[in-house]
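This report concerns only the one structure given below.
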Amino acid sequence: MEQQSSIIGSFLPLIILFAIFYFLIIRPQQKAQKTHKEMLESLEKGDKIITTGGLIAVIVKPEEDFIKIKLNDDTIVKLDRAYVSKKVEVGNEA
């Protein structure tokens with residue numbers, strides 16, 4: 001009986017450490033990934049985005065894996081959806 005409680009007592013700090021690690025690191029990261037995925041799925045023609053490289057562009061045509069974006073009046077390029085950093089909301093433009 002005494003040995004069983006010492007085993008539980010020795011694992012208790014490890015369990016508490018894992019719980020703290022989960023709530024401070026893993027869970028917020030999962031929430032951020034979920035919101036980013038939802039943002040990528042909601043992209044439409046005419047939305048302003050910022051790429052991971054820092055380019056500000058306007059979506060011309062959203063496709064399944066790629067997005068055609070307009071960098072300026074003449075330049076239209078294809079961008080992988082994974083490289084969209086964030087969507088620029090109306091009123092928050094730089």
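Some observations on this one:
- Scope region 31-81; condition free of Cβ contacts under 8 Å to residues at least 40 places away in the same chain, assigned to a helix (DSSP H, G or I) and of a type in the set (A, V, I, L, M); matching residues: Ala32
- Matching entry among Ala94, Ala82 (being more than 17 Å from the chain's Cα centre (by Cα), of a type in the set (A, V, I, L, M) and at pLDDT below 95): Ala94
- Residue match in region 53-60 (condition: loosely packed, with under 10 Cβ neighbours inside 10 Å and in the same structural domain as Ser85 (by TED's automatic domain parsing)): yes
The values are calculated or read from the model by the stated rules, or taken from the named source; none is laboratory data. Since we're looking at a predicted model, the values are computed, not measured. Cβ atoms come from the backbone with ideal geometry, glycine included; neighbour counts cover every protein chain shown.
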